[in-house]
Amino acid sequence: MKLSKVKKLIWGYQIFRGSVGCSRLGAWSALLFLCLSNPGTGQPPHNDHFALTERFHSESEAQILREAQYWERLPLPIPEGVIPEISGMVTIPDRRLLVTTRRGELWYVDGAYEDDPQPVFTRFTSGLHEPLGISQAPEGGYYVVQRSELTHIEDRDGDGQADWFRKVFKIPVSGNYHEFAFGPYLTREGNIRINLMLAYNAAFQSSVPWRGWILEVTPEGYVTPIASGLRAGAGAVLSSGGDWFFTENQGEWAGTSYISHIEPGDFLGHPQSLAWSHLPGSVTHLRPEDIPDTGLPLVEVADQIPGLKMPAVFIPYAIHGVSPNGIVEDTTGGKFGPFEGQFFFADSGQARIIRVSLEQVNGVWQGATYAFMGGFQAPVVRLAFGEDGSLFVGETGRGWGSVAPLAEGFERVRWKGNMPFEIQEAKIEPDGFTLHFTRPVDRKSAESLFSYGVSSFTYGYGSDYGSPPINRLSCPIRKVVVAEDGMSVRLGVLCLREGYIHEIRTSGIRAADTGEPLLHNNAYYTILSRPDGDRIVPLEEELAADCTPMIPEDAYKSTPKHPTERPDFFSRHGDQIIHLGTAPGMKFDKTLLEVRAGSQFQLVFRNTDEMMHNFVLCLPGKGQEVGMAALHMGIDGMANNYVPDSDLVLYHTAIIQPGASERLFLVAPEVPGDYDYVCTIPGHAMVMNGILRVLPADE
């Protein structure tokens, strides 16, 4: 069917109304608002609500500069009238892209490959309901996933404008804001996979069929359920080897984010999706009541629940991102650097890209994550490799918390050709790991046991939102063997555990040619299986090892800096009670509080957000310094509430889960001034901050 402009407007109205379930008058009013609020663009006025104040600088500027020596980040200028809330990208021949935006538009982009890019955007269509992905359809045109529909779109008359729209599959929605639909991902057979996010803060998180499932849809609209148990799986990739991998976001029933290898019949952990396991076509017989809510490590629960699948890779929370989205495989043949065959995923919360290596051991996929590149201008959501081997980065963050300074953007990353000094890959051995490097290591530094450290930890599995690292162990290194060519080092390590993340620290390693340290020091390897083979540490020594916990977990006790118990000298209520909460966009609901010098006061901090936060009161002007220190606390951060052991910190709460609160009994500083308060969950301090103004006592 060919659409006139009027018919296209009517079609857009029908999509809008059908997606949100509003009345006819409400739908027309909403559509009219979109058209009139910003004449000529069909979009509401732009609002950079994530813009930073001058006082709060960006994170890890020195590290960003080091990364820029090897990979160039090119922001792509956006023409006036285009709001680039880019939610999906597909590269097409002749150095073009077609992108979707959360505003419901599809744009052709030309000129993005140039050395001095000045992209030209040409609108392909509009009026869609928050499309979050696009792929080319083998039969011609494109598949787009809207919030409530998988749609096939074509330009049949060749004028560069979409004129043919076909509903492939109507996606069930209840109207909850969080019911996003991710995809479309093409199978080798030409079918389309989509994953449907659960509702959140709702009585039933899966109140309509197949929420929390991965579905496979044929071009004719026939649906086959593939796997269940997703919470917010926002990205997927079909590898060059024919394996499917999905990214998952930390939250309830997901102690941390992770990457899963997906096969038909898998249950990935969130029990709310199992509300539909009784329907025809279900590939699991598990029911919600079959899943225990114990907070035990996932590996222990999976041993008891057949069908509950372990992730291939746990992503250490706040160390390598907080909200993974799109994932791509490097198939550029070395045009993007020394990581051919590895994967990169976008993290919106920390505006970063993280690298992943995977290997199959005894038929099980597992691997490691590594820092790659940070400092992007807006939340990183979608990635796509171009035909020249550069990586296009689509960015959007409206309503999604992030440390990024802007709410949306479009960038390109390309390798400069300089070889960085990096851990190229960590691989499992029967008794440890082999680290492969991109350049030869200095033998003296590499042979020293003091150049390394290994420890392990995991996360709890239960209905709480997220989990601190639990069951932490130090893993003694007994032997180091450096390869003759200096390109790899084998570590013999004790106390390795299946089902756990292993932090491999290499801060003492130096390059043989320049003496420089590694660009990124650490790898985080998830062990699910260990291979047989030659050992460099005798089995007898491993069996006799004394594996004891690293650090006692007492982070929530009352201390002088965390005074949750009323002191004896404290009056019944103090001089005042201050209530502080959270606001959307990763912010406190008040940015200025006032007390008298030396006064007693209670601070009640209530977290009404959907992610974890804390409150840390610092010396004047030191909030960002404390926030930066928290960013580098590693796996011990959460166990210590992400509060550095520093004289710059005066008071703090524990980490407060969504919907929870904590009361502190405080005495104001004796010296008047403006004292910073921040949330020190890694990366939050940049945007989540305020001032406690201490007034003179006699005013």
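Quickly run through the range 359-385 and pick out the residues that are within 25 Å of residue 263 (Cβ to Cβ) and not in a strand (DSSP E or B).
The answer is 362, 363.
Which residue out of 329, 300 is closer than 30 Å to residue 401 by Cα, charged (D, E, K, R) and assigned by TED's automatic domain parsing to the domain that holds residue 180?
From the options 329, 300, the qualifying one is 329.
Condition first: among the polar types (S, T, N, Q) and touching an Asp or Glu at 6+ places or on another chain (Cβ under 7 Å). Now tell me which residues in the range 234-292 satisfy that.
Once the filter is applied, which keeps residues that are among the polar types (S, T, N, Q) and touching an Asp or Glu at 6+ places or on another chain (Cβ under 7 Å), the range 234-292 yields 239, 240, 257, 260.
With the requirement that a residue be of a type outside the set (A, V, I, L, M, F, W, C) and surrounded by fewer than 23 Cβ atoms within 10 Å (Cβ to Cβ), what does the range 179-192 give you?
Matches in the range 179-192: 185, 187, 188, 189, 190, 191.
Is at least one residue of the range 566-588 at pLDDT 90 or above, of a type in the set (D, E, K, R) and loosely packed, with under 14 Cβ neighbours inside 10 Å?
Scanning the range 566-588 turns up no residue that is at pLDDT 90 or above, of a type in the set (D, E, K, R) and loosely packed, with under 14 Cβ neighbours inside 10 Å.
Quick check on the range 481-490: of everything there that is touching a helix residue (DSSP H, G or I) at 6+ places or on another chain (Cβ under 9 Å) and surrounded by 18 or more Cβ atoms within 10 Å (Cβ to Cβ), which residue is nearest to residue 639 (Cα to Cα)?
Result: 489.
Residue-wise test of (1) out of contact with any Lys or Arg (no Cβ under 8 Å at 6 or more places or on another chain); (2) surrounded by 21 or more Cβ atoms within 10 Å (Cβ to Cβ); (3) among the polar types (S, T, N, Q).
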| position | (1), (2), (3) |
| --- | --- |
| 596 | yes, no, no |
| 599 | yes, no, yes |
| 625 | yes, no, no |
| 632 | yes, no, no |
| 635 | no, yes, no |
| 648 | no, no, no |
| 655 | yes, yes, no |
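Residue by residue, here is whether (1) in contact with a Leu (Cβ under 8 Å, 6 or more places away or on another chain); (2) closer than 27 Å to residue 686 by Cα; (3) among the aromatic types (Phe, Trp, Tyr) holds:
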residue: 351; (1), (2), (3): no, yes, no
residue: 364; (1), (2), (3): yes, no, no
residue: 369; (1), (2), (3): no, yes, no
residue: 391; (1), (2), (3): yes, yes, no
residue: 402; (1), (2), (3): no, yes, no
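Of all residues in the range 446-464, how many are within 16 Å of residue 486 (Cβ to Cβ) and crowded, with 20+ Cβ neighbours inside 10 Å?
3
Answer yes or no as to whether residue 348 is more than 30 Å from residue 263 (Cα to Cα), touching a Phe, Trp or Tyr at 6+ places or on another chain (Cβ under 9 Å), crowded, with 24+ Cβ neighbours inside 10 Å and not aliphatic (A, V, I, L, M).
Spelling it out, it is not the case that residue 348 is more than 30 Å from residue 263 (Cα to Cα), touching a Phe, Trp or Tyr at 6+ places or on another chain (Cβ under 9 Å), crowded, with 24+ Cβ neighbours inside 10 Å and not aliphatic (A, V, I, L, M).
Return yes when residue 667 is touching a residue at least 40 places away in the same chain (Cβ under 8 Å), over 31 Å from the mean Cα position of the chain (by Cα) and not assigned by TED's automatic domain parsing to the domain that holds residue 200 and no when it is not.
Against the criterion (touching a residue at least 40 places away in the same chain (Cβ under 8 Å), over 31 Å from the mean Cα position of the chain (by Cα) and not assigned by TED's automatic domain parsing to the domain that holds residue 200), residue 667 qualifies.
In the range 583-637, which residue that is within 26 Å of residue 659 (Cα to Cα) and among the β-branched types (Val, Ile, Thr) is farthest from the chain's Cα centre (by Cα)?
Here the answer is 604.
So which of 293, 347 is within 22 Å of the chain's Cα centre (by Cα), modelled with pLDDT of 95 or more, charged (D, E, K, R) and under 23 Å from residue 469 (Cβ atoms)?
347
Suppose the filter is in a strand (DSSP E or B), at pLDDT 95 or above, of a type outside the set (D, E, K, R) and out of contact with any helix residue (DSSP H, G or I) (no Cβ under 6 Å at 6 or more places or on another chain); does residue 104 pass it?
No.
Could you check the range 439-522 for strands (runs of 3 or more DSSP E) lying wholly inside it with 3 or more residues that are hydroxyl-bearing (Ser, Thr, Tyr), under 24 Å from residue 356 (Cβ atoms) and in contact (Cβ under 8 Å) with a residue 12 or more places away in the chain?
Output list reads 453-459.
Out of 356, 283, 299, I need the residue that is on the phi < 0 side of the Ramachandran plot, surrounded by fewer than 21 Cβ atoms within 10 Å (Cβ to Cβ) and not in a loop (DSSP other than H, G, I, E, B). Which one?
Just a single option satisfies the conditions, and that option is 299.
Could you tell me how many of the residues in the range 318-342 are at pLDDT below 95 and hydrophobic (A, V, I, L, M, F, W, C)?
Residues flagged as at pLDDT below 95 and hydrophobic (A, V, I, L, M, F, W, C) within the range 318-342 amount to 3.
If residue 200 passes every condition in (1) farther than 27 Å from residue 470 by Cβ; (2) surrounded by 16 or more Cβ atoms within 10 Å (Cβ to Cβ); (3) of a type in the set (Phe, Trp, Tyr) but one, which one does it miss?
Here residue 200 meets the rest and fails (1).
Looking at residue 305 and the list (1) part of a loop (DSSP other than H, G, I, E, B); (2) hydrophobic (A, V, I, L, M, F, W, C); (3) surrounded by 18 or more Cβ atoms within 10 Å (Cβ to Cβ), which single condition is not satisfied?
(3)
Taking interchain pairs and intrachain pairs at least six residues apart, which have beta carbon atoms under 9 angstrom, with the first residue in the range 608-635 and assigned by TED's automatic domain parsing to the domain that holds residue 671 and the second of a type in the set (Ser, Thr, Tyr) and modelled with pLDDT under 85?
Here the result reads 628/60; 631/60; 632/60, each pair linking the range 608-635 to a residue that is of a type in the set (Ser, Thr, Tyr) and modelled with pLDDT under 85.
If residue 157 meets every condition in (1) over 30 Å from residue 365 (Cβ atoms); (2) at pLDDT below 95 apart from one, which number is that one?
(2)
For residues in the range 465-480 being among the hydroxyl-bearing types (Ser, Thr, Tyr) and surrounded by 18 or more Cβ atoms within 10 Å (Cβ to Cβ), which is nearest to residue 433 (Cα to Cα)?
Result: 467.
Yes/no per residue for (1) outside the structural domain of residue 336 (by TED's automatic domain parsing); (2) within 24 Å of residue 103 (Cα to Cα); (3) in contact with a Pro (Cβ under 9 Å, 6 or more places away or on another chain):
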| position | (1), (2), (3) |
| --- | --- |
| 377 | no, yes, yes |
| 384 | no, yes, no |
| 388 | no, no, no |
| 406 | no, yes, yes |
| 434 | yes, no, no |
| 443 | yes, no, no |
| 449 | yes, no, no |
| 454 | yes, no, yes |
| 457 | yes, no, yes |
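So residue 193 ticks every box in (1) among the charged types (D, E, K, R); (2) in contact (Cβ under 8 Å) with a residue 40 or more places away in the chain; (3) closer than 23 Å to residue 610 by Cβ but one. Which box is left unticked?
In the conditions (1) among the charged types (D, E, K, R); (2) in contact (Cβ under 8 Å) with a residue 40 or more places away in the chain; (3) closer than 23 Å to residue 610 by Cβ, residue 193 misses (3) alone.
The values are calculated or read from the model by the stated rules, or taken from the named source; none is laboratory data. Computed from a predicted model, the values in this text were never measured in an experiment. Every residue, glycine as well, gets a Cβ built from its backbone with ideal geometry; the counts of neighbours run over all protein chains shown.
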